[in-house]
Amino acid sequence: MSAPRDFRQRAARAAANPAVAEMTGAICARIGGMRRAAVASFDRYEKVRELAAAIKLKNLDRLDEKLKVLIDRMQGHGAQVHLAVDAAEANNIITQIALDRSVRRIVKSKSMTAEEIGLNPALERAGLEVVETDLGDFICQLFDDPPSHILGPALHRTRFEIARLFSDKLGMAYDPTPGRMTMFAREVLREKFLGADMGLSGVNFAVAETGTLVLVTNEGNGRMSTTLPRIHVALMGLEKVVADLDDLGVFLDLLARSASGQKMSVYTSLLSGSRRPGEPDGPDEMHLVILDNGRSAILADPEMRPVLACLRCGACLNVCPIYRQVGGHAFGHAYSGPIGMVLTPLLVGLEEAGDLPQASTLCGACAGVCPVKIDHPRLLHVLRSRLDRAGSPLGGRVLLDAFAALGLSGPLFQTAAAAMQRALKLYAGPGRKLPGRLSGWTSCRDLIKPGGRSRPQGSE
Ligand code: SF4
């Protein structure tokens, strides 16, 4: 069955399967709890967070300059640097690098940017074998599922489903023990690494001053993908550049804590070019593909520019009440949760993804946990107002204008609120629903009577 185009339909489909909310909610609650504990035990957390947000914004102001330095340094290390305006160009560049060098198998470590541009299908169309090597991504690839979370791509699958998959596709005797399945996957992937001609990776940070690409992983597959095959291709969005190693230290203090509640990830790899004469390890060739794909337009948009500060830690997904109910696939694009609600419409256009900014309760939980202080609710407000200007129906605009006028006048608002309260007292109650076009508000709950006037604290 093909996926519905509209968020509302995809979310309804996800909500119809209670396992989605059960699995997603439970795992997000667990990771969210780990983040809270890690942050609580880091006494400089708020100061470092302030600093990280300021550094990101400063870097974005001087991105051109930083990118020039990065390119210069990377070329000095022997890396070949390619600039891609959009997804099609990035896919062509990477496919051509592989075809020109008679590559047959590519091992790939986690890259949300590769998901964004549809890199795997493009490589496979050219006859190349692509093997995901992050365990979660490997499971998704075997299921033919897109990732459902930035950090835990397969968190929507149970270990029993995975055991059945490994049995059917890899020939492992059915055994839903996570440790044994992991060891089995490790053996399978080890063979894939050893027979690969090219490694593909994302980039968490690119340090301009030293020409260093930084990869933050927990499984070691990033190191294998980038150092074992004879060619390494790294793909990064142009906003990933940081000025120097001091700035990098600030982000490393925050990334793992925010993502998984760890002080540091298990592996932090710093890669500075291909193997030099006399060095025992590393690829013969290194390529860096720097992707724009709409980022320059976001950079030029002062209201939305802060979204480019995102570290892709996933913390905002874990606390989002919408994401926890419907999971990542309901968002229909590579980025889900609050960051997806903001970033996706900017990358693909409001015409294509205008329903995503509406998919938020604006509760603000996302902004509260973001390590670089992205204010998602504010950005969502901006996108919603652009959507209104761009063409909500006349009736809707008149209604919103009337509501705004009501909200701006104290006496009018109080009169309307009192009338509404009286109406609700008469009509609302168990089993009562709103009629017609308002029915969506009560599709999952009854219309309840308003409570009485709340008493001041401390009164009897
Ligand atoms: S928006 Fe903030 S919390 Fe969400 S993924 Fe990006 S850095 Fe993490």
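The values are calculated or read from the model by the stated rules, or taken from the named source; none is laboratory data. This is a predicted model, so every value here is computed, not measured. Methodologically, a virtual Cβ is constructed for each residue, glycine included, from the backbone with ideal geometry; neighbour enumeration extends over all protein chains shown. Accessible surface is based on the protein model in full, side chains and every heavy atom, while ligands, DNA and RNA are left aside. Shrake-Rupley method; radii C 1.70, N 1.55, O 1.52, S 1.80 Å.
Scanning segment 349-374 for residues being near the ligand (Cβ under 10 Å from one of its atoms), surrounded by fewer than 23 Cβ atoms within 10 Å (Cβ to Cβ) and not aliphatic (A, V, I, L, M) gives a total of 2. Select from segment 184-205 the residues that are closer than 13 Å to residue 224 by Cβ and part of a strand (DSSP E or B) and list them in ascending order. 198, 199, 200, 201 - these are the residues of segment 184-205 that are closer than 13 Å to residue 224 by Cβ and part of a strand (DSSP E or B).
With the requirement that a residue be assigned to a helix (DSSP H, G or I) and either within 13 Å of the ligand (Cβ to nearest atom) or under 21 Å from residue 57 (Cβ atoms) (or both), what does segment 375-389 give you? Lay out the reasoning, then the answer.
Initial filter on segment 375-389 (assigned to a helix (DSSP H, G or I)): 376-389.
Listed by number, the residues that qualify are 376, 377, 378, 379, 380, 381, 382, 383.
May I ask you to verify whether residue 305 is within 19 Å of residue 31 (Cα to Cα), open to solvent by 10 Å² or more (accessible area, probe 1.4 Å), at pLDDT 95 or above and charged (D, E, K, R)? Here the answer is no, as residue 305 does not meet what is asked. Selection of segment 312-337 for residues being among the aliphatic types (A, V, I, L, M), surrounded by fewer than 24 Cβ atoms within 10 Å (Cβ to Cβ) and within 13 Å of the ligand (Cβ to nearest atom) yields only 334. Quick one: would you say residue 236 is outside any loop (DSSP other than H, G, I, E, B) and either in the same structural domain as residue 110 (by TED's automatic domain parsing) or within 16 Å of the ligand (Cβ to nearest atom) (or both)? Yes: the conditions hold for residue 236. Applying a threshold of 9 Å to beta carbon distances and a minimum spacing of six or more residues, or different chains, the list of pairs starting in segment 15-43 at a residue that is closer than 20 Å to residue 325 by Cβ and not assigned by TED's automatic domain parsing to the domain that holds residue 152 and ending at one that is aromatic (Phe, Trp, Tyr) and open to solvent by less than 50 Å² (accessible area, probe 1.4 Å) reads 24/323; 28/323.
Checking each residue of segment 277-298 against the condition of being within 20 Å of residue 216 (Cβ to Cβ) and open to solvent by 10 Å² or more (accessible area, probe 1.4 Å) gives at least one match. Hey, among the residues in segment 240-263 that are more than 14 Å from the ligand (Cβ to nearest atom) and more than 20 Å from residue 67 (Cα to Cα), which one's surrounded by the most Cβ atoms within 10 Å (Cβ to Cβ)? This residue is 262.
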